[in-house]
Amino acid sequence: VSVRAVELGDGAVLRATVCVVGAGPAGLSLAGSLSGQGVDVLVLEAAEPGVPTDPLESVRSVGLPYAVADKRGRGLGGGSLTWNIRTPVGEPHLRLRELDEQDLAPRPGLREVGWPLAAAELEGAYRDAWALFGMPGFARGGAGRDPDVELDLAAAGGGAAVERRVFGLGPAETFTERALRDHPRVRVVTGAVVTDVRTDGAPGAVTALRCATSAGGRLTVDAEVYVLAGGGIENARLLLASRSRHPEGLGNAHDHVGRYFMEHPHYDSGLVRPADHRVEEDPALWDVHARHGMAVQRKYALTAATAEREGLLSTAFYLVPRRVRNAVLLTRDGAVDLPRTTALRLRRTALEHRQTPPPGAATALEAARSLPAATRWAAAQLRAARAARRGRWRTTAPRAMTLRAMAEQVPDPSSRVRLGRDLDAFGVPVAELDWRLSDVDLRSMARSGELVLPGVRAVFGGRADSLLDLDREPQPVVVGGSHQMGTTRMSASPRDGVVDPDGLVHGTANLYVAGSSVFPTGGSANPTLTIVALALRLGAHLGARLAAPVVVAPGAASTAGTP
Ligand SMILES: Cc1cc2nc3c(=O)[nH]c(=O)nc-3n(C[C@H](O)[C@H](O)[C@H](O)COP(=O)(O)OP(=O)(O)OC[C@H]3O[C@@H](n4cnc5c(N)ncnc54)[C@H](O)[C@@H]3O)c2cc1C
């Protein structure tokens, strides 16, 4: 099924009906769909078995810290090679969830942009995507799905409606080389790094792809249709770097390529200290567990109506056992002492990252004074964690949990991928990633946390306190969720984005983009289910396009047709 580019010989020309750049979930689901319709597909994958991927890591983070190499996977399977969640029904798995209607629609006054597709237009594609993961019963409304449920919080007060949201977990093996055996029309070439999308012919027509190999060789690809599926950073980089006809980059007439980079900021929103042991006794409340033979996890969120009323972005909250080293300091009456807890954490992170000088003498003094209390906290948590591991949790106080959040961020043109000055090992400009959060994002994080806490308290009992301290830390510690979105966004009009609702790059005749770079907004669902749904939708579109009868003008060459 797959060959190495170095084995093809320097200067080889490869021909195919459709050429897909990137063998991640997007590229492989698209290739499978096309092969199933009788279309020949060539998939080019930059990484090569047994060859280090360091030369491919050509991104410099210049905005919020972003450890790119840890946040994507490369090779046959792309990011799926890194999925590592253990579930009672097997491992490794990844989290899957559809975007909600509110995620797709514009939110006037909050974020003006939405998808040029209605939820109903994605329904069939989502059903096919679930089926690809072997979870047909999980499709919206399908039997076997553990539904989202609004919680009855009449007693909890707070005025916000909170719901339990269900995430499914699917198997990573969906995208292994083995999965390709069912698709004889798919050829994969590994170690083929696409460096240039050429548009030397008629305006708007891609004429060839130029590729480099790890041995310094060159390949050319000649196809009828080309699809970029290289991930949320590389799709934009390749368009920007393809300047044979357009100095501003391909598809970039309106300066959108690379802009609106979005992640799902993950951060500690709160601390949950249950009054009893229900966390240990009922993992179905928060942890990955089996239901109807499938792995699922329940998270918590404000209902769409509350988010709408409050003007808030989508945020999914979930519980994780609090790490022993992340000590929390308490006031005399048992509340979280936020200023001292933040000071302690800042001091600890400064020491861990060998920052010199550490942040502020006053902070250092406060942290030193807090050490005895922090040590007592850590010892108690350690005891509780050990007891829980041995199934003897009743012998200690319940352990504390962190309320983590995974939030949507507003698409912001200044949060972006652009080309740097340096060239990578293959002569392509490196990417500079400038990830930013806006004030709207921060306000939404703070208010959503405040509103969800009474609901979380009602579910888990005991206390639930905020850990977000935007007064002391204007930028909370956020990390990306390995979800790179938005840099080639989908729009109905070329003025507003890079690709049309099918994924065709505006202004081109035969260049498409697949993957989360086309997401105009990101919601708070992990992206891969939507990536696969869109890829399968694109597969159906291309299948129909290639099967359509071609009207050939006298003397002109045919440009379409099934093999
Ligand atoms: C640790 C980790 C955990 C994750 N967990 C989840 C989860 O639970 N749920 C979820 O939904 N998502 C998860 N993700 C994100 C998920 O992996 C990505 O959304 C998904 O892999 C994106 O698929 P893709 O095919 O668009 O891109 P990728 O998977 O990034 O694949 C792109 C492929 O294209 C190749 N490529 C790039 N540029 C070129 C080029 N110029 N020439 C040739 N080939 C090229 C790359 O080498 C790569 O193999 C996780 C990611 C990580 C890193």
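The values are calculated or read from the model by the stated rules, or taken from the named source; none is laboratory data. Keep in mind that what you see is a predicted model, and the values were worked out from it rather than measured. Methodologically, a virtual Cβ is constructed for each residue, glycine included, from the backbone with ideal geometry; neighbour enumeration extends over all protein chains shown. Heavy atoms of the whole protein, side chains included, go into the accessibility calculation; ligands, DNA and RNA do not. Shrake-Rupley method; radii C 1.70, N 1.55, O 1.52, S 1.80 Å.
Is region 469-485 home to any residue that is in contact with a strand residue (DSSP E or B) (Cβ under 9 Å, 6 or more places away or on another chain), of a type in the set (D, E, K, R) and open to solvent by 10 Å² or more (accessible area, probe 1.4 Å)? Talk me through it step by step, then tell me what you get.
Residues of region 469-485 in contact with a strand residue (DSSP E or B) (Cβ under 9 Å, 6 or more places away or on another chain): 476-481, 483-485.
Restricting the remaining residues to those that are of a type in the set (D, E, K, R) gives none.
Taking every residue of region 469-485 in turn, none turns out to be in contact with a strand residue (DSSP E or B) (Cβ under 9 Å, 6 or more places away or on another chain), of a type in the set (D, E, K, R) and open to solvent by 10 Å² or more (accessible area, probe 1.4 Å).
Any residue in region 86-110 that is within 19 Å of F138 (Cβ to Cβ) sitting within a Cβ distance under 6 Å of a residue that is within 11 Å of the ligand (Cβ to nearest atom) and open to solvent by 70 Å² or more (accessible area, probe 1.4 Å)? List the pairs, counting only those 6 or more apart or interchain.
P92/N84
Would you pick out the residues in region 514-559 that are modelled with pLDDT under 95 and part of a loop (DSSP other than H, G, I, E, B)?
Those that are modelled with pLDDT under 95 and part of a loop (DSSP other than H, G, I, E, B): A548, P549, V550, V551, V552, A553, P554, G555, A556, A557, S558, T559.
Under 6 Å between Cβ atoms, at least 6 apart or on separate chains: pull out the pairs that start in region 23-52 with a residue that is open to solvent by 20 Å² or more (accessible area, probe 1.4 Å) and end on any residue that is away from the ligand (no atom under 11 Å from the Cβ) and among the hydrophobic types (A, V, I, L, M, F, W, C).
S33/L536; D40/A16
Within region 428-513, which strands (runs of 3 or more DSSP E) (wholly inside it) include 2 or more residues that are at pLDDT 95 or above and aliphatic (A, V, I, L, M)?
Details: elements: 429-434, 463-466, 511-513.
Filter on region 428-513 gives 429-434, 511-513.
When region 405-420 is examined, which residues are found to be among the aliphatic types (A, V, I, L, M) and either over 16 Å from E248 (Cα atoms) or open to solvent by 20 Å² or more (accessible area, probe 1.4 Å) (or both)?
First, pick out the residues of region 405-420 that are among the aliphatic types (A, V, I, L, M): 405-407, 410, 417, 419.
Residues satisfying the conditions are A405, M406, A407, V410, L419.
With the condition being within 16 Å of the ligand (Cβ to nearest atom), surrounded by 21 or more Cβ atoms within 10 Å (Cβ to Cβ) and over 18 Å from the mean Cα position of the chain (by Cα), I'd like the strands (runs of 3 or more DSSP E) fully within region 227-331 carrying at least 3 qualifying residues.
On the way: elements: 266-273, 289-291, 294-302, 315-321.
Qualifying strands (runs of 3 or more DSSP E): 294-302.
Tally time: how many residues in region 130-146 are touching a residue at least 60 places away in the same chain (Cβ under 8 Å) and assigned to a helix (DSSP H, G or I)?
The number of residues fulfilling the criteria is 4.
State whether one or more residues within region 165-186 are within 18 Å of R4 (Cα to Cα), in a strand (DSSP E or B), touching a strand residue (DSSP E or B) at 6+ places or on another chain (Cβ under 8 Å) and away from the ligand (no atom under 14 Å from the Cβ). Write out each step before concluding.
Kept after step one, since they are within 18 Å of R4 (Cα to Cα), are these residues of region 165-186: 176-178, 180-181, 184-186.
Checking the rest, the ones that are also in a strand (DSSP E or B) come to 186.
Among the residues that remain, those that are also touching a strand residue (DSSP E or B) at 6+ places or on another chain (Cβ under 8 Å) are: 186.
Next, from what is left, pick out any that are away from the ligand (no atom under 14 Å from the Cβ): 186.
Yes, the conditions are met somewhere in region 165-186.
Which of (1) more than 29 Å from M262 (Cβ to Cβ); (2) among the hydroxyl-bearing types (S, T, Y); (3) touching an Asp or Glu at 6+ places or on another chain (Cβ under 7 Å) does S370 not meet, given it meets every other one?
With respect to (1) more than 29 Å from M262 (Cβ to Cβ); (2) among the hydroxyl-bearing types (S, T, Y); (3) touching an Asp or Glu at 6+ places or on another chain (Cβ under 7 Å), S370 is out only on (3).
Among (1) open to solvent by 10 Å² or more (accessible area, probe 1.4 Å); (2) within 11 Å of the ligand (Cβ to nearest atom), where does L8 come up short?
Tallying (1) open to solvent by 10 Å² or more (accessible area, probe 1.4 Å); (2) within 11 Å of the ligand (Cβ to nearest atom), L8 fails exactly one: (2).
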